[in-house]
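Working notes for the structure below.
What follows draws every value from the coordinates through simple rules; no lab data is involved. Keep in mind that what you see is a predicted model, and the values were worked out from it rather than measured. We place every Cβ from the backbone using ideal geometry, glycine too, and count neighbours over all the protein chains shown.
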Amino acid sequence: MSASPASPTRVAAPLPKRGGVGLKADHVEQILAQRPDLGFFEIHAENYMGDGGPAHRRLEAIRALYPLSLHGVGLSIGSPRPLDRDHLKRLAALAERYEPGLFSEHLAWSSHDQGFLNDLLPLPYTGETLATVCDHIDETQEALGRRMLLENPSTYLLFAESTISETDFLAEIARRTGCGLLLDVNNVVVCATNHGFDAIAYLDAFPLRHVGEIHLAGYAEAEDDSGRPLLIDAHDSPVRDGVWALYAETIRRLGPTPTLIEWDNDAPAWPVLLAEARRAELAMARALALPRGKELRHAV
Amino acid sequence: MPFESTIDVFARALSDPARPVPPQTLGREGRPDARRFAVYRNNVAVGLIGAIEARYPVTRRLVGDDFFRAMAGAYVAQEKPRSPVLIHYGAGFPDFVARFEPARAIAYLPDVARLENAWVEAYHATEAPALTIAALGEIDPGDYDGLRFSPHPAARLLRFSHPAGSIWAAHQEAGEARPPEAWRAEDALVARPEADVLVRILPPGGYQFARALFAGATLAEAAEAPALEGFDPGSHVVGLVEAGAIETIR
């Protein structure tokens, strides 16, 4: 299948440094009728791996009008097991068909002997796991013929054997493989609370020059065994104030960056989701208008 | 602990609540934390149950949310997806429902679930132009007997022991569903020639006829398949073509 015949009817592929949202089937009719001014749409690749049907028809219609970001949730890059070659082929076919501006996946694993576990599961950060993840990213970038972005995870526990910090781990992956990074600001806030570190210190240590996209989302609140707050990356609610503040700080350091609102569960009506993306664009503009040196500093 | 072993222990503990929280995982107290690990256990179960709920909405309505969640929970505990493409996950659920002891009293439930699974398969099936009535009209009637019809990739034929087609249809709108007018075994055709999936309850003989045609029989051969007095293959062919269930003719 050649991608070129479809190209003239499509908008340019690269993601603009603007706000975007996750594409929901229920919103497509309204989007096509209203054609709102929006930076891009992001899709979960696995939802478009059927052979045909309405999902592809909707996506073709959206892709004709908007840049697209392809976000994988099932490749299991952080697994000790070899990558699923069939899945890589499916990803490559989707990337060829829809010409997304970028492809991203997670620093996590999701498949094991029992099958696909449908969650982004954590891994220890060691020299051994670093080498495995880098091999998997090399293989993915080779299969797709493009650079990918790797996303920092939300985690609820740590591993005793970890010897490398998450930010060093991500920086070394980017250095060895040439991949870019997707900075999920909500995940930073979630992890900072869950593991008791300072989110600004994480940002200080994060290799920002590799960041090609930002994710923002809402979290849910629980408690761990010791009664400490435990934040859960739920994608089921508006972005929280603390996440907006860290986002503004990130943009001040990073400059304008494509920013996605992730609201996949209990997704709101289309106008609500669009308003959240507009809020991200406004926050980006405001952050860039503030003179440098007014950055948030470490909590004292 | 080597990477492989760490992930192995983690994965086993995820799927088996009787296993302890993996000892190499740490919460804020520097030791395993059950509530933290439970977030992952819960994510796996809720995500997969959600996929089954989305695939079988009428089955769910028929038994109620709580019963369905328990039944889907039992299914996902023993049957994990074989691929990350969840749109294919849950095709084995109707067979599971048929074996699920607490659902035995609702004898028609597996049939309704089979129809819902066929609906999802048709929804995601390969695109192909369906044969039109106009194209059928161009055929010389003298050639009818030797015609062969290949099914459209989305077309599915289903044989039920219960009126599953009528039950399914009655649950497509919100509000109280009317019971089927006649309690009889039904056969159904599911097709998706364009964007919309359609479900047709087949008239007597229609299932055997279409099944023979889809298997490669000529029109004359397929007309014998139902072994029905007065069976009119012409009206059945038109019905199949109108539903978009035929791709090509030769």
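Using alpha-carbon pairs under 8 Å, 6+ residues apart, how would you state the relative contact order of chain A in percent?
With pairs under 8 Å counted, the relative contact order is 17 percent.
Between A:Ser162, A:Ser111, A:Ser154, where does the largest GNM mean-square fluctuation fall for chain A, given springs only between Cα atoms within less than 10 Å?
The residue that fluctuates most here is A:Ser162.
Net charge near B:Val39: determine it from the other residues with C-beta under 13 Å of the C-beta of B:Val39, scoring Lys and Arg +1 and Asp and Glu -1.
Here the count lands on -4.
Of B:Ser15, B:Ser161, B:Ser83, which has the largest mean-square fluctuation in a 10 Å C-alpha GNM of chain B?
Among B:Ser15, B:Ser161, B:Ser83, the largest GNM mean-square fluctuation belongs to B:Ser83.
Place +1 on the Cβ of every Lys and Arg and -1 on the Cβ of every Asp and Glu in chain B, take the dipole about the Cα centre, and give the residue among B:Pro233, B:Ala215, B:Tyr75 whose Cα lies farthest towards its positive end.
Value computed over the given set: B:Tyr75.
Nothing charged except the Cβ atoms of Lys and Arg (+1) and of Asp and Glu (-1): what's the magnitude of the dipole of the protein assembly as shown about its Cα centre? Round to the nearest 20 debye.
Charge dipole, the protein assembly as shown, about its Cα centre: 1180 debye, nearest 20.
What are the ³J(HN,Hα) couplings of the range A:181-197, residue after residue, when phi is run through the Karplus curve with 6.51, -1.76, 1.60 and θ = phi - 60°? Round to Hz, x for glycine and proline.
Each residue's phi maps through the Karplus curve to give 10, 10, 9, 8, 5, 4, 4, 5, 5, 4, 5, 4, 5, 5, 10, x, 10 Hz.
In peptide A:106-113, what is the residue-averaged number of other protein chain Cβ atoms found within 10 Å of each Cβ?
The shielding value for this peptide is 3.
Put a dot 7 Å past each Cα toward the Cβ at B:Glu224 and B:Ala107; how far apart are the dots in nm?
The modelled label-to-label distance comes out at 3.4 nm.
Among B:Pro23, B:Tyr56, A:Leu288, whose Cα sits farthest toward the positive end of the charge dipole of the protein assembly as shown (+1 at Cβ of Lys/Arg, -1 at Cβ of Asp/Glu, about the Cα centre)?
A:Leu288
Sort the range A:182-292 into rounded, prolate or oblate with this rule: let a ≥ b ≥ c be the square roots of the eigenvalues of the Cα gyration tensor; rounded if a/c is under 1.5, and if a/c is not under 1.5, prolate when a/b is larger than b/c, oblate otherwise.
Note, shape of the range A:182-292 comes out oblate.
Under the rule of at least 5 residues apart or a separate chain, name every residue whose amide H is placed under 5 Å from the amide H of B:Ala125.
A:Gly52
What are the residues whose amide H is under 5 Å from the amide H of A:Gly180, where those residues sit 5 or more places off or on another chain and H is modelled from the backbone?
Amide H to amide H, under 5 Å and 5 or more residues apart or across chains, A:Gly180 pairs with A:Met148, A:Leu149, A:Leu150.
In debye to the nearest 20, how big a dipole does the range B:9-113 give about its Cα centre with +1 on each Lys and Arg Cβ and -1 on each Asp and Glu Cβ?
Rounded to the nearest 20 debye, it is 340 debye.
Can you give the longest stretch of chain B with no exposed loop site, where a site means GluC sites (Glu not before Pro) in a DSSP loop (not H, G, I, E or B) with at most 11 other C-beta atoms within 10 Å?
My reading of the result: B:30-137 is the longest stretch.
Other chains near A:149-162: what is the mean number of their Cβ atoms within 10 Å of each residue's Cβ?
Mean partner shielding for this stretch: 4.
Averaged over its residues, how many other protein chain Cβ atoms are within 10 Å of peptide A:222-232's Cβ atoms?
Shielding by partners across A:222-232 averages 5.
Excluding residues on the same chain fewer than 8 positions from A:Lys17, give the aspartates and glutamates whose Cα lies under 15 Å from its Cα.
Candidates past the 8-residue exclusion: A:Asp37, A:Glu42, A:Glu213, A:Glu281.
In the neighborhood of A:Glu29, defined by Cβ-to-Cβ distances under 13 Å, what is the net charge if each Lys or Arg adds +1 and each Asp or Glu adds -1?
+3
How large is the dipole of the range A:50-163 about the Cα centre if only Lys and Arg carry +1 and Asp and Glu carry -1, each at its Cβ, rounded to the nearest 20 debye?
520
For the range A:145-153, what does the Karplus curve 6.51 cos²θ - 1.76 cosθ + 1.60, with θ = phi - 60°, yield as ³J(HN,Hα) per residue in whole Hz, taken in order and with x for Gly and Pro?
Residue by residue, the range A:145-153 yields x, 7, 6, 10, 10, 10, 9, 5, x Hz.
Does the range B:160-202 classify as rounded, prolate or oblate by the C-alpha gyration tensor (a ≥ b ≥ c root eigenvalues; a/c under 1.5 gives rounded; else a/b over b/c gives prolate, otherwise oblate)?
Cα axes put the range B:160-202 in the oblate bin.
Would you grab the residues whose amide H sits under 5 Å from the one on A:His215? Only those 5+ places off in sequence or on another chain, please, with H modelled 1.01 Å from N.
When sequence neighbours closer than 5 places are left aside, the close amide H contacts are A:Leu183, A:Asp184, A:Val185, A:Leu260.
Once the Cβ-Cβ distance between B:Ala185 and B:Arg12 is put in as r, and R0 is 41 Å, what FRET efficiency do you end up with, to the nearest 0.05?
Here the calculated transfer efficiency is 0.40.
So if we plug the beta-carbon distance of A:Ile164 and A:Glu29 into 1/(1 + (r/R0)^6) with R0 = 45 Å, what FRET efficiency do we get, rounded to 0.05?
After rounding, the FRET efficiency stands at 0.45.
Among B:Asp95, B:Asp140, B:Asp65, determine the one that fluctuates most according to a GNM of chain B built with springs between C-alpha atoms less than 10 Å apart.
B:Asp140
What shape does the range B:57-119 have by the C-alpha gyration tensor, where a ≥ b ≥ c are the square roots of the eigenvalues, rounded means a/c under 1.5, and otherwise prolate means a/b greater than b/c and oblate the rest?
Because a/c hits 1.5 or more and a/b exceeds b/c, the range B:57-119 counts as prolate.
Along the positive direction of the dipole of the range B:94-212 (beta-carbon charges: Lys, Arg +1; Asp, Glu -1; about the Cα centre), which of B:Ile201, B:Val112, B:His152 reaches farthest?
Sorting the options by dipole projection puts first B:Val112.
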